[in-house]
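Visitor: Next up is a structure, given as structure tokens.
FYI, it's all coordinate maths here, none of it is from the lab. Quick caveat, the model's predicted, so the values are computed rather than measured. Glycine also receives a Cβ, built like all others from the backbone with ideal geometry; neighbour counts cover every protein chain displayed.
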Amino acid sequence: MANRIVKVIDLVPGRSVQLPSIENETLGNGQFWSDNVCAQEPIVIRHAVRDWPALRKWGTPGYLEALTDREVGVSDAFNASPTGLWYQNLPKLNLDQAISRLRNAGPDETHAIRSLPIPPEWKPDLGHYDFLDAKRDQPPRVYAQDRLFIYRNASTEWHYHTTDETLTTQLLGTKRISMFKLSSEDWQAYAVPIKSNLHHMDDGARFFPADRALTKFEATLEPGDVLYIPPFWWHGVDPADTDFGITLAHCFRTPLNRIGSLSDPAVKDVIRAQQSVMLAFRMRAFVALGSLSRLVTS
């Protein structure tokens, strides 16, 4: 069988530097909120959920399969887009059969069960985040609060979130993450080729500027690690092994005074992408409200 594994991180050229990280035990009360959420600075929090039962139980063959009975779509390709109707037309399997397929897949096979709401039977094996005050863990505006990504060799394409804060929690397997934030000067040079999938061409590097060094912040997430992803930070994800893996994405509401400004190229891109004049107007109004909130609280 030909190797069908697609890795996405290195398809976008740039200078790799280490993502900042901190041990969970050293995070002071309120430090995560002030230093990272308010500043919109990504960080890896090591061993943040190492006491969650899922880390001990979910890798055992047969355990998750015995806890659920529902249908899911299973892809045999990398996650080419975080959104899209294509995923609604995937072949359906019972979740226990799908998980068994992923556990038993060969090291050169790619499979993904993406954006799965947490089955109620699985929730007792998950806990809370010590570094995130429960009062600030408010329901997100756009994204689902919790989504599971169950995979074998499946990368996730480069993308960014327009709103809501994300905690990417690694439960099984290891993942390599890469992130960058584009300025107005860099937007056309990098966002346009990525959105056009030019980086997947054999000579994709030639579509990016040769004289501009993009800084890519990178880290490897081990089971129990958590990565904080702020809005408008581009990120791509590759498995760092060929094992059966599970990632939890937990989202919470972006503080109003941290909503992006109309001068941000990503915000402009989101507004331009709105097919409805009314939706574009609402997006502008929402961003303007965030800007006003910053003025009032500054």
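Visitor: At 0.36 nm per residue, and after removing the present C-alpha to C-alpha distance, how many nm does the segment from ALA240 to ALA189 gain when stretched out fully? Before the final figure, lay out the partial values.
Guide: Details: separation 51, 0.36 × 51 = 18.36 nm, distance 2.80 nm.
Once the chain is fully extended between ALA240 and ALA189, it gains 15.6 nm.
Visitor: Note down the magnitude of the dipole of the stretch 9-254 about its Cα centre, charges +1 on Lys and Arg C-beta and -1 on Asp and Glu C-beta and zero elsewhere, to the nearest 20 debye.
Guide: The calculated dipole for the stretch 9-254 is roughly 380 debye.
Visitor: Quick check: net charge around PHE244, other residues with Cβ under 9 Å of its Cβ, Lys/Arg +1 and Asp/Glu -1?
Guide: For residues surrounding PHE244, the net value is +1.
Visitor: Order these peptides, 128-140, 238-250, by their mean beta-carbon neighbour count within 10 angstrom, highest first.
Guide: Working: 128-140: 14.5, 238-250: 19.7.
Going by the mean number of other Cβ atoms within 10 Å, highest first, we get 238-250, 128-140.
Visitor: At a Förster distance of 35 Å, what's the computed FRET efficiency of LEU90 paired with SER34, Cβ-Cβ distance as r, to 0.05? Numbers along the way, then the final one.
Guide: On the way: r = 42 Å, r/R0 = 1.19.
Efficiency for this residue pair is about 0.25.
Visitor: Now a separate question. At 7 Å along Cα-to-Cβ for each site, give me the label-to-label distance between ASN197 and ALA213 in nm.
Guide: Once both label points are built, they end up 3.3 nm from each other.
Visitor: Out of all Cα-Cα pairs in the stretch 9-254, roughly what percent, to the nearest whole number, are more than 34 Å apart?
Guide: When every Cα pair of the stretch 9-254 is considered, 15 percent fall beyond 34 Å.
Visitor: Beyond a 27 Å Cα-Cα separation, which of these cross-linked pairs lie in this structure: LYS135/LYS175; LYS175/LYS195; LYS92/LYS181; LYS123/LYS216; LYS57/LYS181; LYS7/LYS92?
Guide: The answer is LYS135/LYS175; LYS92/LYS181; LYS123/LYS216; LYS57/LYS181.
Visitor: Take peptides 48-57, 222-231 and line them up by average Cβ neighbours within 10 Å, highest first, as a rough protection proxy.
Guide: 222-231, 48-57
Visitor: Fewest Cβ neighbours within 10 Å first, please rank THR169, THR68 accordingly. Spell out each step's value before the answer.
Guide: Working: THR169 25, THR68 16.
Final ranking by Cβ density, sparse to dense: THR68, THR169.
Visitor: Tally Lys and Arg at +1 and Asp and Glu at -1 over the other residues with C-beta under 15 Å from the C-beta of PRO223: what net charge comes out?
Guide: For residues surrounding PRO223, the net value is 0.
Visitor: Please compute the modelled spin-label separation between GLN138 and LYS57, points set 7 Å along Cα→Cβ, answer in nm with one decimal.
Guide: 3.3 nm
Visitor: If Lys and Arg each add +1 and Asp and Glu each add -1, what is the summed charge of the other residues whose beta carbon sits under 12 Å from the beta carbon of PRO107?
Guide: Working: positive: ARG4, ARG152; negative: ASP108, GLU109, ASP241, ASP243.
So the environment of PRO107 carries a net charge of -2.
Visitor: Please arrange SER21, SER183 by how many other C-beta atoms lie within 10 Å of their C-beta, fewest to most.
Guide: The most exposed by this proxy come first: SER183, SER21.
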